[in-house]
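This report concerns only the one structure given below.
The values are calculated or read from the model by the stated rules, or taken from the named source; none is laboratory data. Nothing here was measured: the structure is a model prediction, and the numbers come from that model. No Cβ is skipped: glycine too gets one built from the backbone with ideal geometry, and neighbour counts run over all protein chains shown.
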């Protein structure tokens with residue numbers, strides 16, 4: 001069949017071969033594929049692909065399916081995976097990467113920092129962006145209409161909420177695509193200070 005010709009022959013796999021460790025779960029398939037092709041900059045060992053008829057892991061290169069330059073691609077993979085040392089290094093090389101959006105989710109670096117709960121990283125990035133003359137859109141909406149504040153509220157990251165509101169001046173009454181404001185995602189264990197901050 002023609003579909004088999006797309007996959008180069010890679011030797012036989014013995015039944016005793018153990019499957020690779022599972023990949024971290026990301027919403028974007030692009031992020032999953034990128035983990036297979038880029039060296040791991042988060043301190044983990046690189047994953048070796050094991051050929052399999054049912055898995056796309058046996059395709060040697062996915063570079064053409066990602067419509068980004070190599071540096072932009074590395075940036076989006078690093079921010080989505082939370083590899084902040086790698087993000088910092090890429091930012092120092094090319095500060096404009098901080099303006100890059102994930103073309104699948106619409107997330108910016110601020111969305112990823114908020115999702116991962118990295119308040120200090122958010123503060124550091126905001127200061128570095130100001131120093132580089134960049135204006136980060138703290139109220140940028142993802143594909144689902146989430147702002148970084150929505151994501152911080154969804155994931156219960158109270159420090160990030162404080163940084164976004166008090167230091168970065170984000171709007172607290174923005175509604176997402178479902179019509180919900182950030183405070184509507186707060187959990188019952190959220191402090192009263194955060195409820196007030198979000199004007200609930």
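Remarks
- First in segment 186-200 and within 18 Å of residue 148 (Cβ to Cβ), second anywhere and at pLDDT below 90 and surrounded by 11 or more Cβ atoms within 10 Å (Cβ to Cβ), Cβ under 8 Å, 6 or more apart: 186/200
- Condition met for residue 156 (without any contact (Cβ under 8 Å) to a residue 60 or more places away in the chain, at positive phi and under 21 Å from the mean Cα position of the chain (by Cα)): yes
- Answer residue from segment 159-171, given it is buried (at least 19 other Cβ atoms within 10 Å of the Cβ) and farther than 20 Å from residue 91 by Cβ and is nearest to the chain's Cα centre (by Cα) among those: 161
- Selection count where residues are free of Cβ contacts under 8 Å to residues at least 24 places away in the same chain and part of a loop (DSSP other than H, G, I, E, B), scope segment 78-105: 1
- Among the residues listed as 175, 130, the single one being at pLDDT 95 or above, within 22 Å of the chain's Cα centre (by Cα) and exposed (fewer than 15 other Cβ atoms within 10 Å of the Cβ): 175
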